[in-house]
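Asker: A single structure is presented below for examination.
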Amino acid sequence: MRPNPMYAVAAATAVVLCTPPTAQAMSAPATGRALTAVTCLLEGSGTYSPGLTNLSPRNVTLNATASGPCLDVRTDKSATGGHSITRRSTVATGSLNQSTCLGASGTLTLTVTWTLDDNTTRTSTATLTLPLANFLEGIPGTGTVANGLFAGATAENNTVFESPLAVAGACGSSTGLQGHKFTSETNILQ
């Protein structure tokens with residue numbers, strides 16, 4: 001029996017959430033790779049038009065929204081007036097080119113609203129590239145924050161569908177997968 005990928009996302013998030021910021025900073029690799037500044041665990045839903053299938057590749061428009069709590073481990077919070085980020089809400093739009101459920105790739109534009117611990121908000125936009133992947137196993141993505149809060153930073157994302165058997169069934173139908181619920185772990189690296 002194959003393990004549920006949702007548990008891997010939850011476990012990875014739990015490790016980040018339970019690791020003190022000082023321990024995370026001390027474990028920085030010697031290669032100079034950027035450290036995680038903010039990690040968020042989002043729940044959301046999305047739609048595909050036309051539906052994404054396994055029957056034949058097609059160009060598909062994707063729209064999604066997601067929100068959830070964040071862990072802010074930045075030591076320098078001057079960009080947010082000394083406040084920590086507590087929540088993220090995201091609207092994603094984009095396209096998948098000549099894709100099926102088993103082999104899809106594309107580009108998304110993300111509009112992000114960050115909620116701070118004083119209930120004020122900051123915004124940013126990012127472009128996320130989805131490399132060719134089997135959407136039934138998980139959807140990785142990387143990109144750069146284009147403007148607003150964290151401009152120039154790297155964004156990493158890993159998304160897994162809820163109800164993978166229902167998703168697989170929809171992918172095998174003639175109308176295809178037209179909507180889904182998902183969980184995403186997102187990281188901003190600085």
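The values are calculated or read from the model by the stated rules, or taken from the named source; none is laboratory data. Only a predicted model underlies this, so the values are computations on that prediction, with no experimental measurement involved. Don't worry about glycine lacking a Cβ; one is built from the backbone with ideal geometry, like all the others, and counts go over all protein chains shown. These accessible areas exclude ligands, DNA and RNA; they are computed on the full protein's heavy atoms, side chains included. Shrake-Rupley method; radii C 1.70, N 1.55, O 1.52, S 1.80 Å.
Asker: Tell me, please, whether a residue that is within 21 Å of residue 161 (Cβ to Cβ) and touching a residue at least 40 places away in the same chain (Cβ under 8 Å) can be found in region 109-132.
Answerer: yes
Asker: Please enumerate the residues belonging to region 115-162 that are on the phi > 0 side of the Ramachandran plot and either part of a loop (DSSP other than H, G, I, E, B) or modelled with pLDDT under 95 (or both).
Answerer: Those that are on the phi > 0 side of the Ramachandran plot and either part of a loop (DSSP other than H, G, I, E, B) or modelled with pLDDT under 95 (or both): 119, 138, 150, 152.
Asker: Which count do you get for residues in region 163-190 that are touching a Phe, Trp or Tyr at 6+ places or on another chain (Cβ under 8 Å), over 19 Å from residue 61 (Cα atoms) and either open to solvent by 10 Å² or more (accessible area, probe 1.4 Å) or part of a loop (DSSP other than H, G, I, E, B) (or both)?
Answerer: Going through region 163-190 one residue at a time, the tally reaches 1.
Asker: Sticking with this one: Across region 65-108, which residue is least open to solvent (accessible area, probe 1.4 Å) among those that are small (Gly, Ala, Ser) and outside any strand (DSSP E or B)?
Answerer: Once the filter is applied, the top-ranked residue is 84.
Asker: From (1) of a type in the set (Ser, Thr, Tyr); (2) free of Cβ contacts under 8 Å to residues at least 40 places away in the same chain; (3) touching a Gly at 6+ places or on another chain (Cβ under 9 Å), pick out the condition that doesn't hold for residue 105.
Answerer: It fails just one condition, (3).
Asker: A follow-up question, please. Somewhere in region 3-23, is a residue surrounded by 18 or more Cβ atoms within 10 Å (Cβ to Cβ) and at pLDDT below 85?
Answerer: Yes, there is a match, as at least one residue in region 3-23 is surrounded by 18 or more Cβ atoms within 10 Å (Cβ to Cβ) and at pLDDT below 85.
Asker: Could you check region 113-144 and list, in sequence order, the residues that are over 11 Å from the mean Cα position of the chain (by Cα) and either of a type in the set (Gly, Ala, Ser) or surrounded by 22 or more Cβ atoms within 10 Å (Cβ to Cβ) (or both)?
Answerer: Selection gives 114, 124, 126, 133, 135.
Asker: Which residue pairs have Cβ atoms closer than 6 Å, lie 6 or more positions apart in sequence or on different chains, and pair a first residue in region 141-158 that is free of Cβ contacts under 8 Å to residues at least 40 places away in the same chain and polar (S, T, N, Q) with a second residue that is surrounded by fewer than 18 Cβ atoms within 10 Å (Cβ to Cβ) and part of a strand (DSSP E or B)?
Answerer: 142/156; 147/125
Asker: If you check residue 58 against the conditions, is it charged (D, E, K, R), surrounded by 15 or more Cβ atoms within 10 Å (Cβ to Cβ) and under 17 Å from residue 149 (Cα atoms)?
Answerer: no
Asker: From the list 38, 91, 60, which residue is closer than 20 Å to residue 127 by Cβ, at pLDDT 95 or above, in contact with an Asp or Glu (Cβ under 6 Å, 6 or more places away or on another chain) and not charged (D, E, K, R)?
Answerer: Just one listed residue meets the conditions, 38.
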